[in-house]
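Novice: Starting off with a structure, shown below.
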Amino acid sequence: MNHQITTESASLQPQQLVAYFGYGSLVNRATLRTSYVSAQPVRLHGWRRCWRPRHTGLVHEGQPPASLLSARQVADSVIDGLLVYDRAENLAAVDERENGYDRVAVPLDRLQMLGGALPDCPVYVYEAQTNAVTHDPGEPILQSYLDAVLQGFLAEFGKQGVLDFLATTDGFERSVHVDRHQPIYPRAVRLSSEEQSFFDDLLQAHRTGTVLP
């Protein structure tokens, strides 16, 4: 897919655009499913990533339990991610993708642009509806989902960006459900052998366990 701004999309008015901050799978452009306009790496102040339990309404029959990645508001916290500029007409499709999350407005002064000016359109971030749940059973992380997330950070921020992702995400003490070769995550990506080795070595060093399928 060509991610450059086309003549048509560059002519869109601010009211025809929205932007959303991706901090997990949305960082991987290969997982984006809308005809978005453009995307750029940015830094968000005041949020921190965390693994949270999945909303009970999102647990499908026959699938193993799994945690989901969220962001919660934490003063003085800073996380990197991808700011995706999309057509406002596509926002409903993104909301459907992020089922189980609340779309929260981001004040522009919380964004640190790593290139270019502040966006001239509404900016959102998706927070899991289970952020406030007190009981966390510590369900496993889907390897196919984590692969997509880590590949996105590697592409946008390099190896240091992947290390920073691990350091700025709470809840990695839970195990990983190994489903890379039979992916459960619906937007699974294909990894190179180098990516596989890099990610697996990092997780092993991070003392993350495994749950066999």
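Just so you know, all these numbers are worked out from the coordinates, no wet-lab data involved. Everything numeric in this text was worked out from a predicted model, so none of it was measured. Counting neighbours? That spans all protein chains shown, and the Cβs are built from the backbone with ideal geometry, glycine included.
Novice: Please give me the summed charge of the neighbours of Gln196: other residues whose Cβ is under 9 Å from its Cβ, Lys and Arg +1, Asp and Glu -1.
Specialist: Working: positive: Arg180; negative: Asp147, Glu194, Glu195, Asp200.
Neighbour charge sum, excluding Gln196 itself: -3.
Novice: How big is Rg to Rh over the chain, alpha-carbon atoms, Rh as the Kirkwood inverse-mean-distance radius? It would help to have the intermediate numbers written out before the result.
Specialist: Values: Rg = 16.8 Å, Rh = 17.7 Å.
With Rh from the inverse mean 1/r over Cα pairs, Rg/Rh is 0.95.
Novice: Shifting gears a bit: Charges only on Cβ, +1 for Lys and Arg, -1 for Asp and Glu: so what's the dipole of the chain about the Cα centre, in debye to the nearest 20? Display every interim value, and only then the final one.
Specialist: On the way: 18 positive and 25 negative charges, 10 e Å.
Dipole size: approximately 40 debye.
Novice: May I pose another question? Of the listed peptides 21-27, 142-148, 117-123, what is their order by residue-averaged count of other C-beta atoms within 10 Å, with the highest listed first?
Specialist: On the way: 21-27: 25.3, 142-148: 23.6, 117-123: 15.0.
Going from most to least packed, we get 21-27, 142-148, 117-123.
Novice: Which value, in Å to one decimal place, does the Kirkwood hydrodynamic radius take for the stretch 85-200 when every pair of different Cα atoms is included? Please list the in-between numbers first.
Specialist: Numbers: mean 1/r = 0.0598 Å⁻¹.
Kirkwood radius, the stretch 85-200: 16.7 Å.
Novice: So how tilted is helix 143-167 from the main axis of the chain? Cα-based, degrees 0 to 90, rounded to 10.
Specialist: In the chain, helix 143-167 runs at an angle near 70 degrees to the longest axis.
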